[in-house]
Structures are given as C-alpha cells and as structure tokens.
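To start, the structure itself, in structure tokens.
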Amino acid sequence: LFVPAAQIEKLRNATRRTSQLAHQLLALSRADARHVQAQAHERVDLKELCENLLEAFWDSAAAKQIDLGLEVEPVHVSGQAWLLRELLSNLVDNAIKYTPAGGQVTLRCGRQRRGARQTKAFLQVEDDGPGVPRGERERILERFYRLPGAVGEGSGLGLAIAQEIAQGHHASLQLASGSGQQGLRVSLVFPE
C-alpha cells in the first residue's frame, strides 16, 4: 500500500496537534486555582526558570530567526515551580508562534520598582509581533477563544491556562502593548 508523503505529513501534524491539545487540557485541569491553592508551595527561583525556558525555546526561536532575549534579576517567589514553568512556557510559545520571522521575544523577571524602592516580583514575556487589540485582551484569557483572523495552529487554551495558574498563585496576569506600542507584553505580578 502506497501512501503519498503529503498524506503522511498531514497525519503527523494532526497527531502532533491532538497530543498538544491533550497536554493543554491536562494542564488546564491541574492548574485549577482551587487545586493550586490547596497544594504546598515551595521557594521558586524565577531567574533560573527564565534561563531554563530560554534554553528550551532557543531552537524554535532560531528556526524563525527570532532574537530570544533574557533580562533577569535574582528573585524568588512562593509557588509551584512546575506550574510556573507551564505558565511561562505557554507565554514564550505564544510569543514565538505569533511573532513574525526576524522579530524579538524577551523574557524578564525581577522586582517592579516604585521610585527608589523595589516591590512586587514579576515574570514577563514581551514580543514585537502583531499584538492584541485592547478590546480583545480580556477575551483571549477565556478558554478556547482565539482572535478573529488568527493565523497558525492553536486551541485558545494557552492564556487560559496561564490565567488559572496566576489565580492559583494569587498573582495578576496583565496584558499590555509592547515597547513602542508594538507587540504584546504579558506580565505575571506576584503579591508582596
């Protein structure tokens, strides 16, 4: 039985998308805010988390000629490391997926500054892609919602998972335009 290469490739892509959707649905179930709050928290090194994610996504960024950058300061929070990794992974994956070839994606962590004093810890992913219209920013946090006309693959679960994880950590997930009002900046700001 001869199967054309194009059909085999379609089958591989469908299998990969199904596997990714199953992973995201499982992550969404595990990220339920009530479940996260009931689990014991540990000390999480956000700088190390960002460095590990930079390494994990280096090849996919390089394949699109995206400049994947890192701006980190030592900072620790109380939380569940595997969930914060899932959150940051979703943000970086989205940024790389929607940023055009030759663009920039930057991971950041540290403490916000108010005047001379440092306050709340944060994680942040910023890109210079197409961004998200202001009126759609709350909607993209909903399960299965995708922007009208969005290109590429996706199930609309990545940011919903990030939102659940944020709530489970009593943190705030904030969406804004990137530098120069271009792209998207997603910040996770932890309580003091």
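The numbers here are math on the coordinates, done by the rules we state, and not lab data. Since we're looking at a predicted model, the values are computed, not measured. Here the Cβ is made from the backbone with ideal geometry for all residues, glycine too, and neighbour counts use every protein chain on show.
Database remark: amide H of Leu157 closer than 5 angstrom to the amide H of Phe144 (H placed geometrically; neighbours at sequence offset of 5 or more, or on other chains; Pro and chain starts carry no H).
Averaging Cα coordinates gives a centre for the range 109-140 and one for the range 171-186; these two points are 5 Å apart.
Multiplying the residue separation of Ala81 and Lys64 by 0.36 nm and removing their Cα-Cα distance gives an extension gain of 3.3 nm.
Quickly rank 85-96, 42-53 as a protection proxy: mean count of other C-beta atoms within 10 Å, highest first. Write down the numbers at each step before the final one.
Values: 85-96: 22.7, 42-53: 17.5.
Order by mean packing, descending: 85-96, 42-53.
Remark: the range 63-70, residue by residue, has Karplus-estimated 3J(HN,Hα) of 4, 9, 6, 9, 7, 9, x, 9 Hz, where x stands for each Gly or Pro and the curve is 6.51 cos²θ - 1.76 cosθ + 1.60 at θ = phi - 60°.
The packing ranking, built from the mean of other Cβ atoms within 10 Å per residue, places the peptides 120-133, 58-71, 98-111 in the order 120-133, 98-111, 58-71, highest first.
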